[in-house]
Every structure is written in structure tokens, then in C-alpha cells.
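Sending over a structure as C-alpha cells; questions will come in a sec.
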Amino acid sequence: MIVMVELKSRKIFASGVWKENPVFRQILGICSALAVTNLLINTLIMGLSLIFVVTMSNVTVSILRSITPTRIRMMVQTLIIASYVIIVDVFLKAYLPDISEALGPYVGLIITNCIIMGRCEAFARNNTVWPSFVDGVASGCGYAFVLLTIAFFRELMGFGTLFGMDVMPGGWTNWIIMVMPPGAFFMLGAFIWIVRSLGPRGEEEELKK
Amino acid sequence: MIRKRIFSVVYMFLLTFFFTGIVSGIYEINRERIAINEEIKLQKIILKVLGVQVPPGTLDARVRQIFGDRVKRETGQGRTIYRGFAEDGKALIGYVLPLFGPGFWGPIYGMMAIDPQLERVIGIAFYRHNETPGLGGRITEAWFEKQFKGKTLLPPEQEGRYFSFRPPGTAKAQNEVDAITGATGTSKAVERLIDRSLKDYLPWIAEQQAAGRV
């Protein structure tokens, strides 16, 4: 029994981080993926915030799944998600004011991040608490992993630093475009392209056969 | 059927009550900390518009100390200004007055520093607003704030404004600055609120000066 649960958890985790990765498979959460990826430290905080919100929302939705009337479930989910986002926002304002400032409205906008409601609707609503927890952590990690990868290259090429530390050799010229929004588009596009050509054939091709 | 509906209403009500309670509680616990952070932020903004260098990463205690040495707060008749002093703590380098007014989406808060003769702008900064990121939100960017630096404060003509916002790239005169592309609403609102704040505060500061209070 325990082995089975563990196997299932692993499967859920793998699918959230890679096979059904919210960013490069489902193309969700793109707005913030473009907006907060020019400095690793901001991206890391954003990723952790999202992992927290999606996991806690999933768990809460799962706990309430049998008593929540179906007709009002969206309202309930929005309420739950918004509460956790405000908690994160208050916490950042109190303990990490500079990062809260830098992330600006994007923390509040986690409420509208499709990944979270997507997971609540598609998974937590029909599953027990533990799998929902794993699914939340997995989807959050999948999101954070993509954002951190993009931020790694953007900060490295745009500022010549990693987490604020100089790492590039002396003669390095910063690519200003990497810091600006177009840099995010190029990086995200390149990332999705590389990952998709590495991975197994997508659904579209299978359907064509 | 009707029982189901009543249940939905009661359920939603209780759930909202529960979550609002938790969120309010967490906010209440952290309120003092947030207030302190806000205060430090305001002090940094005031030092910034006065042109006092505070390197990023300076400890909060140090910011507070610099602020205490170089800035004095003056209030009266519902108005608040800050006097900035040179490094010796004696010579007056300028006055800082608050900028406040409705923006396009919500209130905008800022600070403007002017020289002791009330003739020139030393610096300007906005620190709280709800404008669209990347459009109206660009009022906090360096290029926008820099435009005001060193501008002469010309008393506006009849019904005119202290500063008029011109289409980007066409500002030439001392009282003209570039507006923000794609953010006409915010530009107009900022033009109005700067003018209103200056018209409110300049005569008052002059009055206080004449009375020897500041």
C-alpha cells in the first residue's frame, strides 16, 4: 500500500515538473514568467511564493471538496487562492520589503495565475489531500524551475551577475536587451523550443497519425 | 432545492468569514513591521529627492541616522514639509514637499525637493501608485524623474500649470517635460497633481519663510 502511494506520488511529481509542466507544456503563467525573470533573487522569491500558494490552495480545495457545492466552487477557489496570496504579500512586505517592492503588483497577480486555479479545478477538486499536496508542490516546482532557468540566462547575460554576484570576465559587455521585456520573449521562446525538441513527440504529432 | 441554495449562501458566508479572519489576523501581527518598513522607505525617498546619496543595501538603522542628521520635519495647518540640510547639518539645501493626488487608477504619492529660494527643482520621485506596470507605472523610472532635475519653477500664466507635459521628445522649455507614451491618463493626472501640490505648498512655504519659521 505504502509503496503504491509512493509510486503514485512520484508519478504525479514527475508529471507536474516535466511531462505536464505548466509553463512549457501547458503555456500557463507566461505573464509572470516574462515579467519577473531578469533577476534570479526576485524569480526565486516569486517561485517560492507560487509553490506555497498553489500547494496550500490545492490542499484546502481538496479538504473542502466533498462539502463545497459544485455551483459555487469557482467562487470558493478564488476566495481560497486570494487569501493565500494576500498572506504571501503581507509576509513579503514585512520581512522582505525590497523584494516586495521589486515584484510590485506581480505578487498580487498570482491570484489570476491560471496555474493555480487550473490545478484546483483539474486535480484537487477530485483527489484526496496527499496527492493534491504533491500535485501542488510539483506544479509549483515546474513553474519555478522554468522561471529560474530563464532568469539564470537573463541575469547572466544582461547584468553579468548571478544572484547579484559578478561572475562574468572583465571584458564582458552586458546585453541590455536581456534585461528588457524582449529578452524575456526570446529566452522563453528558445527554452520552449529546446525542451520540446528534446522531449518525446507531442500530442499534436501523435494525433496526426 | 431551496435548502441547497441556502446552504450555498451560508457556506460561502462562513468560508469568507473564516478566511478574512485569518488574513486580517496575519496582517495585524505584522502591521508594526510593515509600518517601520514604510517609514524607512519614505525616509529613503526624501533623501533621494534631496540628492543625498544612500547606497543600496544600507542598513535601516544607518538610513534613519542619516535622515535624523540631515532632515527636519515641519508641520502646520495640515501641511507637512521636510527641510534638508548639508552634511554639516546647518546649511539649508532645500525643502521637500509631498505630491499627492488622484492618478489614472488610484492615488499617486510622491515627493519633490526644491531649493531654499523656491526657484529650482532639486529632484522628484513617486513612491506609491496603482498605475499600469510598463505604462503609467513608468513615472517611477529614472528617465522620467530626471527630467525635472534643475528645472526652474516659473510662476504659471493665468490658469496655466507649473509644468506642462508634452508629447514624448518635444519638451523644450523650462516648464515642459516629456509625457509617457501610451499613458495619457497617467500623464495628465501627474501634470495636474504636481501643479496642485505646488500651488498649495509654495505660497505656504514662502509665508513660513517670511515669518522666520522655516
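Read-outs throughout are calculated quantities, based only on the coordinates presented, and are distinct from any laboratory measurement. As the structure is a prediction and not an experimental result, all values here were calculated from the model. No Cβ is skipped: glycine too gets one built from the backbone with ideal geometry, and neighbour counts run over all protein chains shown.
Taking the DSSP beta bridges in the protein assembly as shown as the whole, what percent of them are antiparallel, to the nearest 5?
90
Using square roots of five times the C-alpha gyration tensor eigenvalues, list the equivalent-ellipsoid semi-axes of the stretch A:1-100 in whole Å, biggest first.
Working through the eigenvalues yields semi-axes of 26, 21, 14 Å.
Can you list the residues, at least 5 places off or on another chain, whose amide H is less than 5 Å from the amide H of B:I93, using H built in the peptide plane?
Residues meeting the criterion, in which the H sits 1.01 Å from N, are B:G84, B:F85, B:A86.
Using the structure shown, list the pairs from B:K72/B:K151; B:K48/B:K199; B:K41/B:K72 with a Cα-Cα distance above 19 Å, or answer none.
B:K72/B:K151; B:K48/B:K199
Let me ask something else. Can you give me the relative contact order of the stretch A:63-155 as a percent, contacts being Cα pairs under 8 Å and 6 or more apart?
The normalised contact order for the stretch A:63-155 reaches 29 percent.
Can you give the FRET efficiency for A:S15 and A:A102, using 1/(1 + (r/R0)^6), R0 = 30 Å, r = Cβ-Cβ distance, to the nearest 0.05?
E between A:S15 and A:A102, to the nearest 0.05, is 0.40.
Let me ask something additional. Between B:R196 and B:F18, what is 0.36 nm times their sequence separation minus the Cα-Cα distance? Round to one decimal in nm.
Between B:R196 and B:F18, full extension yields an extra 59.7 nm.
Report D for the stretch A:102-175 in µm² per second (integer): Stokes-Einstein, Kirkwood Rh on Cα pairs, 25 °C, 0.890 mPa s.
Taking Rh from Cα pairs, D becomes 165 µm²/s.
When you look at the Cβ of every residue in A:83-95, what mean number of other chain Cβ atoms sits within 10 Å?
5
List every residue whose amide H lies under 5 Å from the amide H of B:R128, counting only residues 5 or more places away in sequence or on a different chain, with H placed 1.01 Å from N in the peptide plane.
B:Y109
How high is the FRET efficiency from A:T78 to B:F7, r the C-beta distance, R0 25 Å, rounded to 0.05?
Calculated transfer efficiency: 0.85.
Turning to a different aspect of this structure: Please state the equivalent ellipsoid semi-axes for the protein assembly as shown: what are the square roots of 5 times the Cα gyration tensor eigenvalues, largest first, in whole Å?
47, 27, 21
Could you tell me what percent of the DSSP beta bridges with both partners in the stretch B:47-210 are antiparallel, to the nearest 5?
90
While we're here: Across the stretch A:158-164, in residue order, what do the Karplus-derived ³J(HN,Hα) couplings come to in whole Hz, using 6.51 cos²θ - 1.76 cosθ + 1.60 with θ = phi - 60° and x for Gly and Pro?
Once rounded to whole Hz, the list reads x, 10, x, 10, 9, 6, x.
Would you please give the residues with an amide H less than 5 Å from that of B:R120, counting only those at least 5 places away or on a separate chain, with H modeled from the backbone geometry?
For B:R120, whose amide H was placed from the backbone, the distant partners under 5 Å are B:D115, B:L153.
Can you tell me what the convex hull of the Cα atoms of the stretch A:1-57 projects to on average, as an area in nm²?
4.9
Considering every Cα-Cα pair within the stretch B:114-174, what fraction, in whole percent, is farther apart than 17 Å?
Value for the stretch B:114-174: 50 percent of Cα pairs lie more than 17 Å apart.
Once you list every other residue whose beta carbon is under 13 Å from the beta carbon of B:R31, what net charge do they have if Lys and Arg are +1 and Asp and Glu are -1?
Result for the neighbourhood of B:R31: -2.
What are the radius of gyration and Dmax of the stretch A:26-208, computed over its Cα atoms and given in Å?
In order Rg, Dmax, the Cα atoms of the stretch A:26-208 give 18.1, 63 Å.
So what is the relative contact order of the stretch B:129-186, in percent, for Cα pairs below 8 Å that sit 6 or more residues apart?
35
What is the Cα centroid distance between the stretch B:1-30 and the stretch B:150-190, reported in whole angstrom?
Here the answer is 48 Å between Cα centres.
Still on this model: Please name whichever of A:L44, A:A94, A:G16 sits farthest to the positive end of the charge dipole of the protein assembly as shown, dipole taken about the Cα centre and charges placed at Cβ: Lys and Arg +1, Asp and Glu -1.
Going by the charge dipole, the pick is A:G16.
In terms of the Cα gyration tensor, with a ≥ b ≥ c the square roots of its eigenvalues, is the stretch B:31-123 rounded because a/c is under 1.5, prolate because a/b exceeds b/c, or oblate?
Oblate is the answer for the stretch B:31-123, as a/c is 1.5 or above yet b/c matches or exceeds a/b.
Between B:D115 and B:K41, what length comes free when the chain is fully extended (0.36 nm per residue of separation minus the Cα-Cα distance, one decimal in nm)?
Full-extension gain reported as 24.4 nm.
Using the basic label-point model (7 angstrom from Cα toward the beta carbon), what is the B:T152 to B:R166 distance in nanometres?
Spacing of the two 7 Å Cα→Cβ label points: 1.6 nm.
Let me ask you something else. For the stretch B:47-210, compute the orientation-averaged projected area of the C-alpha convex hull (one quarter of its surface), in nm².
Result: a mean projected hull area of 10.3 nm².
Net charge near B:G150: determine it from the other residues with C-beta under 13 Å of the C-beta of B:G150, scoring Lys and Arg +1 and Asp and Glu -1.
Within the 13 Å Cβ shell, the charges total +1.
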